[in-house]
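The values are calculated or read from the model by the stated rules, or taken from the named source; none is laboratory data. The shown structure was predicted, so the numbers you read here are calculated from the model rather than taken from an experiment. Cβ placement follows ideal geometry from the backbone for every residue including glycine, while neighbour counts extend to all protein chains displayed. When the accessible area is computed, the model is the full protein with side chains, heavy atoms only, and any ligands, DNA or RNA have been set aside. Shrake-Rupley method; radii C 1.70, N 1.55, O 1.52, S 1.80 Å.
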Amino acid sequence: MKTLKDVKVGETVTVTRLHGEGPVKRRIMDMGITKGVEIHIRKVAPLGDPIELNLRGYELSIRKADAEMVQVD
């Protein structure tokens, strides 16, 4: 199982599943990370947190803890 946290800079992946429950999962979905969306990893901060993503035509920064909940292919 590969998560968004494991993806290298410059790669593009597709979301296959979201883990988490209740408000946490809802918050991730509200940011536009839903099943089937393609995500391009733009940058990772020097200490690894946050991760900058490009999806649906905009940039988004998320924490590693949130990236672990997104399963990708």
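Assorted remarks:
- Every residue from the range 4-17 that is at pLDDT below 95 and in contact with a helix residue (DSSP H, G or I) (Cβ under 8 Å, 6 or more places away or on another chain): LEU4, LYS5
- In the range 34-49, residue modelled with the lowest pLDDT [restricted to those that are within 14 Å of LYS64 (Cβ to Cβ) and of a type in the set (A, V, I, L, M)]: LEU47
- Condition met for GLY20 (under 19 Å from ARG56 (Cβ atoms) and open to solvent by less than 70 Å² (accessible area, probe 1.4 Å)): no
- Residue match in the range 11-20 (condition: in contact (Cβ under 8 Å) with a residue 60 or more places away in the chain and of a type outside the set (Gly, Ala, Ser)): yes
- Residue in the range 4-17 that is surrounded by the fewest Cβ atoms within 10 Å (Cβ to Cβ), counting only those that are basic (Lys, Arg) and closer than 20 Å to GLY48 by Cβ: LYS8
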